[in-house]
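Read-outs: derived from the displayed coordinates by stated rules, not from any lab. Treat the numbers as computed from the prediction; the structure is a model and nothing was measured. As a convention, Cβ positions derive from the backbone with ideal geometry for all residues, glycine included, and neighbour counts pool all protein chains shown.
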Amino acid sequence: MKTYDVTLVGGGIIGISAAFELAERRLHVLVLDRQECGREASWAAAGMLAPGTDDPDSAALVPLMKRSLELYPEFVGAIEQASRKTTGFAREGTLEVFFGAAGESERDRFVREHIQLGLSAKTIPLPSAREMEPWLGPHASAAAWLPDEATVDPRLLVDAAVTAAQARGVEIRSHCPVNRLRLKGRRCVGVAAGGEEVSSHGVVITAGCFSACHDDEIAHRAPTHPVRGQMIALRPASPGLKLRRVLRSANGYLVPRSDGRMLAGSTLEKAGFEKVVTPEGLAKIIRAALELAPALAGAEIVETWAGLRPGTPDNLPILGQTDIEGLFVATGHYRNGILLAPITGKLVARWISGEKTGIDQSAFSPLRFIDRTAPHML
């Protein structure tokens, strides 16, 4: 039986980023994925690196998001150097757009809340917003400028990160679903996967919305569920129609790609594991896109797809060591997996190495879901 220092169950951007960090410490790392690595939520994401939140219950996550955004240049630099591939990282800021008679008051509240959270945001006159993005629609009533926000191309990022991890010696097995944990008493000593027993000193669950599907012991500590998001890629009919930065409203967003396409999204749907696009979902996205940039009415739809975000009962990620020795969880990142990849990778590496993280993770602990009176507990 082959023995590894760390086995990561799930090969999305969270698992691969953690593997990349662990391998830098010369640990023997294995990544197992139920399909091809990075082809679930990571592949479907828009790639906005936005540390703000419109949910008061998620305010505890903002410091972690801010720190991860600060790490992004170093993170993509290391990946690009190790892989010799680009990630499409760009820091051009975001225009948050408001509509209707209450647009200005909504913008002022939005800016005030961002500043209270320690995030850069300021009001911007509509003429100035249109100078920045001439294709901004005529029905906008107010705009805010978020200068620190950035974007990355998740598909390029995942591809580069997998190559970079392998270059550091990480072993990756695609199409190798994990069936169960291997426990010795209350210690996790590996997993059973693909008809094989794998021995490991540490196991980290990084399987996104599929985390709770592997084993009852995992489900108690990582109760994730899928939240479907549908997306559209548009190619403008006019070569001159090219956004430089993200346009976003309460109804949707447009994210530019370097090849001239624009990504439009997205939906938030509790539809189980049905990863399909629907007429209703696509219509919602198109309405929001045309509200932001009516000139896209003649654009070609070049791709539609859906992804399954990993939701949790409180919409906060699940991060940290469990009550089972050797078992860790880094999942449930919901809409922020791409943004939180750098900081999550570093946290996992520090957990495994027994180092202090310097970050208050109490709000994200997997122990918050455990019923300590249940028979599976000590």
Practice item. Under 15 Å Cα to Cα from K242, which aspartates and glutamates show up? Leave out anything in the same chain fewer than 8 places away. Key: E92, E131, E133, D259, E300
Review point. How big, in percent, is the set of alpha carbon pairs in the range 1-125 lying more than 19 Å apart?
Key: 63
Check your understanding: Nearest 10 degrees, 0 to 90: what angle lies between the long axis of helix 103-116 and the longest principal axis of the chain (Cα atoms)?
Key -> 40
Exercise for review: Report, to the nearest 10°, how far helix 154-167 tilts away from the longest principal axis of the Cα atoms in the chain, using its own Cα long axis and a range of 0 to 90°.
Suggested key: 30
Check your understanding: For the residues F210, F273, what sequence is obtained by ranking on other C-beta atoms within 10 Å, fewest first?
Key -> F273, F210
Review point. Could you give the length gained on full extension between L71 and R244, defined as 0.36 nm per residue of separation minus the Cα-Cα distance, in nm?
Key: 60.0 nm
Exercise for review: Relative to the compact-globule scaling 2.2 N^0.38 Å, provide the ratio for the alpha-carbon radius of gyration of the range 62-101.
Suggested key: 1.67
Exercise for review: Using only Cα atoms, find the angle between the long axis of helix 337-353 and the longest principal axis of the chain, and express it within 0 to 90 degrees, rounded to the nearest 10.
Suggested key: 20
Exercise for review: For the chain, calculate the relative contact order in percent as a whole number, restricting contacts to Cα pairs under 8 Å that are 6 or more residues apart.
Suggested key: 24
Review point. Computed on alpha carbon atoms, what radius of gyration and Dmax characterise the range 244-378, expressed in Å?
Key: 19.7, 62
Point to revise | E325 versus E36: modelled label distance in nm, points set 7 Å from Cα along the beta carbon direction | key: 4.1
Review point. With r defined as the distance between the Cβ atoms of L183 and D314 and R0 fixed at 25 Å, what FRET efficiency is calculated, to the nearest 0.05?
Key: 0.40
Revision key, fill the gap. 1/(1 + (r/R0)^6) with r = Cβ-Cβ of V276 and H139, R0 = 35 Å, i.e. FRET efficiency to nearest 0.05, evaluates to 0.65
Point to revise | Segment E196-M1, length gained on full extension (0.36 nm per residue, minus Cα span) | key: 69.3 nm
Exercise for review: Pairs of Cα atoms under 8 Å, at least six residues apart: use those to get the relative contact order of the range 244-378, whole percent.
Suggested key: 16
Revision key, fill the gap. PRE zone check, label point 7 Å out along Cα-to-Cβ of Q361, amide N under 12 Å, scope the range 176-217, hits 204-205
Point to revise | Q35 long-range amide H proximity, modeled H, under 5 Å | key: H175, C176
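With charges only on Cβ, +1 for K and R and -1 for D and E, what is the dipole size of the chain about its Cα centre, in debye, rounded to 20?
Value, rounded to 20: 440 debye.
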Review point. What share of all Cα pairs of the range 159-255, in percent, falls into each consecutive 10 Å distance bin?
Key: 11, 28, 25, 18, 13, 4, 0
**Study point:** Straight-distance crosslink candidates among lysines, where the alpha carbon sits under 23 Å from K270 and sequence neighbours closer than 8 are dropped
**Key:** K284
